[in-house]
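The values are calculated or read from the model by the stated rules, or taken from the named source; none is laboratory data. Since the structure is predicted, the reported quantities are computational estimates derived from the model, not experimental observations. Cβ placement follows ideal geometry from the backbone for every residue including glycine, while neighbour counts extend to all protein chains displayed. The accessibility values were calculated without ligands, DNA or RNA, using every heavy atom of the protein model including side chains. Shrake-Rupley method; radii C 1.70, N 1.55, O 1.52, S 1.80 Å.
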Amino acid sequence: MAYITTWCPRCGRVELGVDDVTLVVSPWDPSGDMAWYVFDCVGCVERVVKRAERSAVSALTLAHAAVSIIPREVAERAGSGEQAPLTTDDLLDAMLWLRTCDEPGTAITGPRGATP
């Protein structure tokens, strides 16, 4: 069995088995910067989450550590050119509009018979 040496913020250096570590990656992140690994420290029993450099990702993959793939939505971030995220007020306004609207489908498709 392979052992992994890492660092706990409370206990310092710890040795873990491959089964004690989970690698979390995003296949939709082209830069490879969105990866981390998670383990429960054997010393203080605290859950530790650490950013995984490319070398750590390679080492954990070669050691056959468990891998979790994050959904694409986690990697989505609002860019500078995008609109702000929806607020609770936005959702309430939309719900009120749907209650009063005669044909809610027209908000998405446009009026019947209309061509773009």
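Taking the residues in the range 27-42 that are acidic (Asp, Glu) and under 16 Å from Ile70 (Cα atoms) as candidates, determine which candidate is least open to solvent (accessible area, probe 1.4 Å).
Per the criteria, the residue is Asp29.
What residue, among those in the range 43-61 that are open to solvent by 100 Å² or more (accessible area, probe 1.4 Å) and closer than 15 Å to Asp20 by Cα, is modelled with the lowest pLDDT?
Across the range 43-61, the extreme among qualifying residues is Val45.
Considering every residue within the range 1-21, establish whether at least one is within 30 Å of Pro85 (Cα to Cα), of a type outside the set (D, E, K, R) and out of contact with any Cys (no Cβ under 9 Å at 6 or more places or on another chain).
no
Just checking, does the range 6-26 include any residue being modelled with pLDDT under 95, open to solvent by less than 50 Å² (accessible area, probe 1.4 Å) and part of a loop (DSSP other than H, G, I, E, B)?
yes
Within the range 27-41, count every residue that is modelled with pLDDT of 90 or more and either on the phi > 0 side of the Ramachandran plot or β-branched (Val, Ile, Thr) (or both).
1
Cβ-Cβ below 7 Å, separation at least six or inter-chain, first residue in the range 5-21 and closer than 14 Å to His64 by Cβ, second of a type in the set (Val, Ile, Thr) and open to solvent by 60 Å² or more (accessible area, probe 1.4 Å): which pairs?
Leu16/Val42
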